[in-house]
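The values are calculated or read from the model by the stated rules, or taken from the named source; none is laboratory data. Because the structure is a prediction, the values reported are computed rather than measured. Here the Cβ is made from the backbone with ideal geometry for all residues, glycine too, and neighbour counts use every protein chain on show. Protein only, heavy atoms only, side chains kept; ligands, DNA and RNA dropped before computing areas. Shrake-Rupley method; radii C 1.70, N 1.55, O 1.52, S 1.80 Å.
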Amino acid sequence: SVGEIKPLHRERCRCQRRKKKGDGILENPSIPNPFPELCCSPFASVLSASLLPKATSRKKQVIKVYSEDDTSRALEVPSDITARDVCQLLILKNHYVDDHSWTLFEQLTHTGLGRAIEDHELVIEVQSNWVMEEETKLYFRKNYAKYEFFKNPLSFFPDHMISFPSETNAALSHSGILQMFLSSSTYPEIHGYLHAKEQGKKSWKKLYFLLRRSGLYFSTKGTSKEPRHLQFFCEFSNSDMYMSLTGKKISGAPTNYGFCFKPNKSGGTRDLKQLCADDEQSRTCWMTAIRLLKYGMQLYQNYMQPYQGRSGCSPLNITPMRSISENSLVAMDFSGHRSRIIENPTEALSVAVEEGLAWRRRGCLRLNSHGSPIAMANMAIHRSQSWFHHKISREEAQRLILQHGLVDGVFLVRDSQSNPKTFVLSLSHGLKIKHFQIVPLEDDGKLFYTLDDGHTRFTDLIQLVEFYQLNKGVLPCKLKHYCARIAL
């Protein structure tokens, strides 16, 4: 019929047009399929987007990371990037030395709270828990205390705060305590007094708390541990633990050693469960035990990851690498025909001081073409050093050291606010921050600096810091790690 002929005619015309087009010399040559087996295989239809490798479907997002001097850097990262990977990326981009202490911090500006993001946590997932009302930032800085409890657990868990199961021997070794924390069957009990902020009120109440595998509890009757007297306070699977960085200014806490639990995707400060301890040792014990309870073996794997490829490293028995200056450098005398090792420490110190003075004098003569060498020597050359912080308060210095970790030897040097002509060495030792005044001393027309009333004198602050990095002297420990305001 006519209705059947017309469609057939149209199809014949299309075939003729396609044939003519194929005969044209301007037609691009067909590109052969490099993977014909994917098309010809009877299993080709099985391939779907859900079965393709994850790398092809990884979404990228932009994150903004700040440094101590408030410079920032925007990074485009995949959605499954971890905090450790972000740190490695920033280390490479800025050519920093990787000493396994670089950390990402999450800081809540308005509430004065902050926490170190664990190495294995997904950064984009952390950001997804931020609320619009709170100004939250990511900071890139060092945290020397991140895994310190693996090296010296006895100082983190004092005897009066920890109880072991009755069948366990109380005299446990370093590794024994950690193995109990990491074990899935046993867990030590942490107990002691904490101040808790009452929900919806400004008042704080001192209660006896107990940390068990099932969560954090407080006793409603003194120090009783009977189940009928224990009331549940918090569990940790759906919340993150933060440290108070502003002391008792914002929260009105009775002490400066506050910490809290913030539920994921919470509505704000009204959902915080705030606590504070009586001293730094107590707060450190509670927060370390809760980290171990929440993450368990994952923390140990994070700690061991940098050492996986090294020989001779046994689990729970790793000693940190000493610096080159402590390990292999010796004092040498090259003044004679033959060099010799200076074994007398007093002679070595005097030679080092004299060599430093001579080096500075030579540098002054080279650099000061428009003035006298004395004018150049008296310049405040310490201002260019990473460990020097110009005009910061005592409270700000303590906050900076606290964020870098309360490990023995973390320090900075700053201007004294009470006496403009002096300086202050702020140093962490024994989970406390101590401050030592550096006094300028004039003798025979020359200016010196001293920490011990003039018994040991230095021509400038650089020489002073270098000396106490190698010698404890009047300090409780050597200067090991400086707090620096890095730039991104």
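So which strands (runs of 3 or more DSSP E) are wholly in region 229-287 and hold at least 3 residues that are closer than 22 Å to His191 by Cα and touching a Cys at 6+ places or on another chain (Cβ under 9 Å)?
Filter on region 229-287 gives 239-244, 257-263, 273-277.
Can you find, within region 214-223, the residue that is surrounded by the most Cβ atoms within 10 Å (Cβ to Cβ) among those that are touching an Asp or Glu at 6+ places or on another chain (Cβ under 9 Å) and not aliphatic (A, V, I, L, M)?
Among those residues, the one meeting the criterion is Ser219.
Does any residue in region 384-401 that is within 16 Å of Ser428 (Cα to Cα) come within less than 8 Å, Cβ to Cβ, of a residue that is open to solvent by less than 10 Å² (accessible area, probe 1.4 Å) and of a type in the set (Ser, Thr, Tyr) six or more places away or on a different chain, and which pairs are these?
Short answer, once both residue conditions are applied: Arg394/Ser426; Ala397/Ser426; Gln398/Ser426; Ile401/Ser426; Ile401/Ser428.
What number of residues within region 396-413 satisfy the criterion of being open to solvent by less than 10 Å² (accessible area, probe 1.4 Å) and in contact with a His (Cβ under 9 Å, 6 or more places away or on another chain)?
Matching residues across region 396-413 total 9.
Can you confirm whether region 403-421 contains a residue that is hydroxyl-bearing (Ser, Thr, Tyr), under 29 Å from Gly247 (Cβ atoms) and either modelled with pLDDT of 90 or more or out of contact with any Phe, Trp or Tyr (no Cβ under 7 Å at 6 or more places or on another chain) (or both)? If you could, list the steps in order and put the result at the bottom.
As a first pass, look at region 403-421 and keep what is hydroxyl-bearing (Ser, Thr, Tyr): 416, 418.
Those left that are additionally under 29 Å from Gly247 (Cβ atoms): 416, 418.
When the remaining residues are screened for being either modelled with pLDDT of 90 or more or out of contact with any Phe, Trp or Tyr (no Cβ under 7 Å at 6 or more places or on another chain) (or both), the result is 416, 418.
The answer is yes, given that some residue of region 403-421 is hydroxyl-bearing (Ser, Thr, Tyr), under 29 Å from Gly247 (Cβ atoms) and either modelled with pLDDT of 90 or more or out of contact with any Phe, Trp or Tyr (no Cβ under 7 Å at 6 or more places or on another chain) (or both).
Leu447 - would you say it is open to solvent by 30 Å² or more (accessible area, probe 1.4 Å) and not in a loop (DSSP other than H, G, I, E, B)?
Yes; evaluated as a whole, the condition is true for this residue.
Pick from region 215-264 the residues that are charged (D, E, K, R) and closer than 18 Å to Gly192 by Cα: which of them is nearest to the chain's Cα centre (by Cα)?
Let us first name the residues in region 215-264 that are charged (D, E, K, R), namely 221, 225-226, 228, 235, 240, 248-249, 262.
From what's left, closer than 18 Å to Gly192 by Cα: 221, 225-226, 235.
Working: Lys221: 39, Lys225: 36, Glu226: 39, Glu235: 24 Å.
In this case the residue turns out to be Glu235.
Select the helices (runs of 4 or more DSSP H) contained entirely in region 109-215, then report the ones holding at least 2 residues which are at pLDDT below 85 and polar (S, T, N, Q).
Hits in region 109-215: 174-182.
Output the residues belonging to region 72-108 that are among the aliphatic types (A, V, I, L, M), open to solvent by less than 50 Å² (accessible area, probe 1.4 Å) and outside any helix (DSSP H, G or I).
Passing the criteria: Leu75, Val77, Ile81, Leu104, Leu108.
Yes or no, residue by residue, for (1) more than 27 Å from the chain's Cα centre (by Cα); (2) hydroxyl-bearing (Ser, Thr, Tyr); (3) assigned to a loop (DSSP other than H, G, I, E, B):
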| site | (1), (2), (3) |
| --- | --- |
| Ser426 | no, yes, no |
| Gln437 | yes, no, no |
| Pro440 | yes, no, no |
| Glu466 | no, no, no |
| Val474 | yes, no, yes |
| Ala487 | no, no, yes |
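Looking at region 451-466, is at least one residue farther than 30 Å from Trp286 by Cα, in contact with a Pro (Cβ under 8 Å, 6 or more places away or on another chain), modelled with pLDDT under 95 and open to solvent by less than 60 Å² (accessible area, probe 1.4 Å)?
no
Any idea which of Ser393, Ser426, Ser418 is surrounded by 21 or more Cβ atoms within 10 Å (Cβ to Cβ), closer than 28 Å to Tyr257 by Cβ, out of contact with any Gly (no Cβ under 9 Å at 6 or more places or on another chain) and not assigned by the TED database to the domain that holds Glu280?
Ser426
Could you tell me whether Tyr307 is at pLDDT below 75, among the hydroxyl-bearing types (Ser, Thr, Tyr) and under 20 Å from the mean Cα position of the chain (by Cα)?
So Tyr307 fits the description; yes.
Return yes or no: is Gly247 open to solvent by 20 Å² or more (accessible area, probe 1.4 Å), modelled with pLDDT under 95 and assigned by the TED database to the domain that holds Leu194?
no
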